[in-house]
1. Could you give the length gained by full extension between Val358 and Asp65, i.e. 0.36 nm per residue of separation minus their alpha carbon distance, to one decimal place?
2. What does the charge dipole of the stretch 2-223 about its Cα centre add up to, to the nearest 20 debye, if the Cβ of each Lys and Arg holds +1 and the Cβ of each Asp and Glu holds -1?
3. Charges at C-beta only: +1 for Lys and Arg, -1 for Asp and Glu. How large is the resulting dipole of the stretch 369-505 about its Cα centre, in Debye rounded to 20?
4. May I ask for the angle, rounded to the nearest 10°, between helix 462-474 and the longest principal axis of the chain, with both axes built from Cα atoms and the value confined to 0 to 90°?
5. Starting from the 7 Å offset along Cα-to-Cβ, what nm value, one decimal, do you get for the label separation of Leu494 and Thr213?
6. Positive end of the charge dipole of the stretch 2-223 (Lys, Arg +1 and Asp, Glu -1 on Cβ, about the Cα centre): tell me which of Phe35, Thr214, Ala81 has its Cα farthest that way.
7. Could you tell me the calculated FRET efficiency between Ala394 and Lys271, based on Cβ-Cβ distance and R0 = 56 angstrom, to the nearest 0.05?
8. Using modelled backbone amide H atoms (1.01 Å from N, in-plane), which distant-in-sequence or interchain residues come within less than 5 Å of Ser267's amide H?
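Computed from the coordinates by the stated procedures, all read-outs in this text should not be read as laboratory data. These figures come from a predicted structure and were not determined experimentally. We place every Cβ from the backbone using ideal geometry, glycine too, and count neighbours over all the protein chains shown.
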Amino acid sequence: MLLHNKFYLYATEFFAGMAVMAVELGAGRLLAPYFSSSQIVWTIIIGTIMIAMALGNVYGGRLADRDSNPALLYRRIIIAALWIAAIPFAGKYIIVLIAGVLIKTIDTNLLTWAAFLSCMTIFVYPLFLLGTVTPCLVKYATDSLDHNGKVVGNLGAFQTVGSIIGTFIPTFVAIPAVGTAATFLIFSSILLIIGLIYFLFDGRNKKMIAVSTTAFIVLSLLGASGSFAFWRSDVTLEDESIYNYLQVRDNPQRTILSTNVMFGVQSIRVKDRQLTGMYYDYALAAPVLTSDRAEMKVLVLGMGAGTFAERCRHYFPRSKIIGVEIDEKITALAREYFRLPSDIPVVTYDGRAYLQSVDEKFDVIMVDAYQDITIPFQMSSTEFFSMVRDHLTADGVMIVNMSLRDESEGSINDYLTDTIARNFSEVRLVDVGRGTNRELFASPTVGTLDRLSERAASLEDGELRRLMIEIENDWHAPRGGDHILTDDRAPVELLGMRALDGLVREQLRLFRDRAENFSL
C-alpha cells in the first residue's frame, strides 16, 4: 500500500505546508487591490488562517482516532485543492458582494469588517481542511510509540521546509512572473496531484479522479482570465509587482495609475491642460520658492508615475530631478504611459534607505510615499524627517503629500504635522481644492515660506502665478501639539484606517441621502 512508503507521507506534509503559506501570501495579494496591503489587513489574514489551522488540527486529530481510513484525508486534500483553484475566479466577486452588503448595513470600520468577512468566507474552509493533515499523518506514520517522537519531528521538519519554500516562491517568483491567479492555481494543482496519486494507487474511486480533474481544468480556465476590477470597461492594463497591484486607465483626457481597485489614485496625467487642480499643482510651490537657483536640485521620494517630476521639468527646465521609487514596475509604467522624461533618473530603492546612502543636499525634497492607509512608518517618524532636513539646503523646502484629510483631534494629519514641526523651523498647511489631499510645506529656515508671492511674481505662466498667490492666501501655520511619531512608536495604519473610515462614512451618508431623495 502507498502509505507504507513514509516518503509519500512526508511529501504530503511538505506540500501541504507549502500550499498553506502560498495561500496566505496569495490572500494578501487578492485582498490588497480592494483593502490595501496594510499591517491591519495582514493581521486579519494571519489571524484568520491561524484560527482555521488550529480548528483543523483539533478536528483532524479526532477524525484520525475515530476512523483511520487515509482515503478520507486525501479526499479532504482534493476538496481543499479545488476550493483554492476556485479562488481566482470567485474570490473577487465574493469580496465585492461582501463590501456591497456592508455598505448598506454598517457605518464604522467598513474596510476592517469587509476584509475580515472576505478572509473568513474565502480562506477559512480550505485551510481548515489542510489543518487536518498533520494529526492524520502522525497517525498513519507511527508504527510504534517508541519512535513516535521521531515521526512527529520528521513531519514537523518537512512541513516547516515546505512552508519556507511556499513563502519565498510566491513572493519572488510566481506572483511577479505569472500573477496571483496563476499562483493559486499552481499550488492548488500540487495539492490535487498529491490527492490523486493516492487514489490512483488505491485503484478505486476512478469517477472521483475524473470529476476532480475536470473540475480543476474548468476552474483553471475561469480563474486564469478576468480582472480584479471586473466591473470596469476602461482598464488599459492590469499587472502585479512584488509590491503592488497595478492598474492603468488611459483615455483621450487623462492617464491614471492606481494600486487599489476600489479607492485611491496614485498618479494622474491630464492631457488637455498644464495644471490639473490636483495636489501636484500645489506641490509646485516648493520649486517656485527656490526658483532663484541656477540649477535647482529636486528629490522625489515616492516617484510613482512621475507627474510631479514631469511638471517640475515643464515649468523649471533647468532643474535637476532625481526620483526614488521602490517598485521598478511603476517606473516602467511611468516611462510608457505617463511620458516621464528619459533624462530624469529614477533609483529603485526605499526612500529612507536612499537618504542614508547619499550625502547630497537638495533644494526641494518631496515626500509622496503615502498611499491611503498604507503609510510606511519608517517614512513618518521624527528620525526620518530629521534626516530629510539634513539633506536640504539652508533655505530648502520639503513637501509632504498627506493623502487623507482628517479634521478630528489626534488624526494622522496631526501626528505627521506635529512630528514635522518638531524638526523644521517653519511649517505651512494647505488643503487641495479637489480631492482629499493636504499639502505640508516645511523649511529649516524661518522666512523661507514667506516669499511665495514674491517668487511667483516672476513666473511667466499666468495660471501658475495665480495658483501660487492663492496658495499663499490659503495656507496656514499649524497650531502645534505633542503628537509625535517615532521609529519605536508610529501607529500610522490605525490612524490612517480611522481617517479613511471617516471619508468612507461621509461618502456613504451622501450616497444614502441621494438614494432616499430619489425614492421620494
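1. Values: separation 293, 0.36 × 293 = 105.48 nm, distance 6.29 nm.
Extra length from Val358 to Asp65 when fully extended: 99.2 nm.
2. On the way: 13 positive and 8 negative charges, 83 e Å.
The dipole magnitude comes to about 400 debye.
3. Working: 14 positive and 25 negative charges, 19 e Å.
So the magnitude is around 100 debye.
4. The answer is roughly 80 degrees.
5. 5.4
6. In the stretch 2-223, that residue is Thr214.
7. Working: r = 39 Å, r/R0 = 0.69.
Calculated value: 0.90.
8. So Ser267 has HN proximity to Leu257.
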